[in-house]
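Encoded as structure tokens, the structure appears first; notes follow it.
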Amino acid sequence: MRKLAVLAVLVMFSAVSGFGQDAKAGAILDAMSAKYKNMKSFKADFTYAPVSTSGKMGRVRSGKIAVKGVKFKLNMVGQEIYNNGSDIYSFVKETNEVNITEYDSSEESQFSPANVYTIYKNGYKYTYKGSTTISGKSYDVVELVPKTSGNMSKLEIVVDKSTKEIKRWSIWDRNNSKTVFDISSFTPNASLSDSYFNFNTASYPGVEVVDLR
């Protein structure tokens, strides 16, 4: 589930939407996509937790993401991923190991927040599921079902009606296990240097570097 959770964060912060016949859902997702594409950069803190089929929430964990163009830095429990625009560094704290792979700039890359903006044009069927209220604010809810089968069976996105920003998303895997992500803070157009997205081995004593480029 860890890899699926990481992918879910990257995809959602790339403003992924879907394909389908629901015009209202499409308009919401298009507006959300345009919102993120027009930002030069952003930072966000989020929480995530598994939810049982009975609705019981498991242990809540926290994460952070920063995006600037194609570059990003993602921190989740036990894992850090850096994309400096040329290479991707995936660090696992438990093993004190970092894998280096070449960044794939193609639209098919799962590690491309800049390019995934257009995924909705041929990847998902979307449906408007109504509105909801969170802490007194009104949100739209859209469900997305992938066109092809895979590890992810569906997504549900909660979008702020006024700002068009993502507030919450839920992801179901093929075994119907669910994980819910909530945005706790969001900073658009954050000041981020290019060096912020570089993995510095000197900051991780004894780290094993596995270069797969």
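Lys125 to Ser52: FRET efficiency via 1/(1 + (r/R0)^6), r the Cβ-Cβ distance, R0 22 Å, to the nearest 0.05?
0.25
Is the shape of segment 34-93 rounded, prolate or oblate, going by the alpha carbon gyration tensor and its root eigenvalues a ≥ b ≥ c, with a/c under 1.5 for rounded and a/b larger than b/c for prolate?
Oblate.
Segment 29-75: which trypsin sites (Lys or Arg not before Pro) are DSSP loop and have at most 16 other beta-carbon atoms within 10 angstrom? Each step should come with its number before you reach the end.
Working: sites: Lys35, Lys37, Lys40, Lys43, Lys56, Arg59, Arg61, Lys64, Lys68, Lys71, Lys73; in loops: Lys40, Lys56, Arg59.
Sparse-neighbourhood loop trypsin sites (Lys or Arg not before Pro): Lys40, Lys56, Arg59.
Could you calculate the contour length gain from Tyr196 to Thr132, that is, 0.36 nm times the residue separation minus the distance between their Cα atoms, to one decimal place in nm?
Between Tyr196 and Thr132, full extension yields 19.4 nm more.
With every protein chain present, what accessible area does Asp104 have (1.4 Å probe, heavy atoms only), rounded to the nearest 10 Å²?
Number for this one is 70 Å².
How much length would be gained if the chain were fully extended between Arg59 and Val210, taking 0.36 nm per residue of separation minus their Cα-Cα distance, in nm to one decimal?
Contour length minus the Cα-Cα distance gives 51.2 nm.
Could you point to the residue in Ala190, Thr179, Asn200 farthest towards the positive end of segment 157-208's charge dipole, with +1 and -1 charges on the Cβ of Lys/Arg and Asp/Glu respectively?
Thr179
The values are calculated or read from the model by the stated rules, or taken from the named source; none is laboratory data. In this text, all values refer to a predicted model and were calculated from it rather than measured experimentally. Heads up, the Cβs are rebuilt from the backbone with ideal geometry, glycines too, and the neighbour counts pull from every protein chain shown. Accessible surface areas use protein heavy atoms only, side chains included; no ligands, DNA or RNA. Shrake-Rupley method; radii C 1.70, N 1.55, O 1.52, S 1.80 Å.
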